[in-house]
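**Q** Below: one structure in structure tokens.
The values are calculated or read from the model by the stated rules, or taken from the named source; none is laboratory data. Remember, it's a predicted structure, so these values are computed and weren't measured experimentally. Cβ coordinates were reconstructed from backbone atoms using ideal geometry, including for glycine residues, and neighbour counts include every protein chain displayed.
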DNA sequence: TGTCGCAGACTGAAAATTCAGTCAATAGTG
DNA sequence: CACTATTGACTGAATTTTCAGTCTGCGACA
């Protein structure tokens, strides 16, 4: 398959971004990481901004995949459990997860200064909020949709905030997980009104 | 006064950082923004890292100032109100606030890749969490301290997450403010158990 | 008259991007 | 089947751009 090297570049980009940040991504380092020439990067992705955009897409696809993996594996567990699992997925000390979270956070932060990234980012965020709202509706089926969405926005927003704290070493993993679990309780309890 | 231009450089730096990020700060752009030559920047602040350090200091002094301004001005309003005010401070479309939030977010994001920054950041975060926990204890005086701290950690974490979304154009200001107000309600209600 | 505050042109290094082609595979053709 | 035309993937070696930091000197004024 000819998409081999292309994919290698995207995987390499995720790794380099997780290691150095978006701003620290050097084409030469990326080329070395992916085991290709710098020119090939330009062949596949017009320019630096191009790789950034495609890497963002790549990362959010990958995250979707491992999210749904767990969903399937969970089997007949209850909805509340599934929600918790899904949100806690982000807080694991596994290279792939850490890499994804770091890169996601970086891309999100870069979007503040690079409007071209905003479109993809907004789409991915919206989809995520929607997924979480769906899970919430399984837990509290009678809640009106707007309330579910607001809850999902708060939960995902919190996740992003805590994730950055975790990655910057300000928040131990177990504590982050605990805060997320409590936040879920808090949200679910108020949804029952 | 000879500190005129020096100050102009710091103010310009705050503006440029808000526009381009810490990582996007270019000496030439800063010079233009402040209406001085690039050489003058080096004259007053040894090097790039020097301006960054001084600008961050400049910005956090400014933030302290306007935080306490509002606290004083509030007068004899109730504790709940004060908490809300204090947390919503971060979400205003005023250049100064935007500059501050941006710089804070940048700093937080950079800390992931630059461990030297972590110390100051951790201290500032802890102080913030503590302040919020104090405000919460005014609202719900009978709550045990650990529960207050956890609530404060969630609220401040959420704030950071939403702030990034706001700055990256993914979340309109009014909606952000609404989510924060709701989050406060949700947290306060569960503290009464 | 020396030194402080300052500007504009400049430099060297690092990084992004392009160029000019090679190579391997595939398709058409007599 | 032999051949050649074409194309997509790929590279090493430039070229161009970007940027932090420096050099030279000038005017004000103590």
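**Q** Would you confirm whether or not the stretch B:32-51 contains a residue that is touching a residue at least 40 places away in the same chain (Cβ under 8 Å) and either within 13 Å of DNA strand D (Cβ to nearest atom) or more than 26 Å from residue B:113 (Cβ to Cβ) (or both)? Working first, answer last.
**A** Start the filter on the stretch B:32-51 by keeping residues that are touching a residue at least 40 places away in the same chain (Cβ under 8 Å), which leaves B:51.
Remaining after also requiring either within 13 Å of DNA strand D (Cβ to nearest atom) or more than 26 Å from residue B:113 (Cβ to Cβ) (or both): B:51.
Checked against the condition, which is being touching a residue at least 40 places away in the same chain (Cβ under 8 Å) and either within 13 Å of DNA strand D (Cβ to nearest atom) or more than 26 Å from residue B:113 (Cβ to Cβ) (or both), the stretch B:32-51 yields at least one hit.
**Q** Mind telling me which of the residues B:63, B:32 ends up being surrounded by 13 or more Cβ atoms within 10 Å (Cβ to Cβ) and under 20 Å from the mean Cα position of the chain (by Cα)?
**A** Values: B:32 fails: under 20 Å from the mean Cα position of the chain (by Cα).
Only one candidate qualifies: B:63.
**Q** Which of (1) over 22 Å from residue B:169 (Cβ atoms); (2) not in a loop (DSSP other than H, G, I, E, B) is the odd one out, the single condition residue A:141 does not satisfy?
**A** (2)
**Q** Being away from DNA strand C (no atom under 14 Å from the Cβ), within 14 Å of chain A (Cβ to nearest Cβ), under 30 Å from residue B:138 (Cβ atoms) and modelled with pLDDT under 90, is that true of even one residue in the stretch B:107-116?
**A** yes
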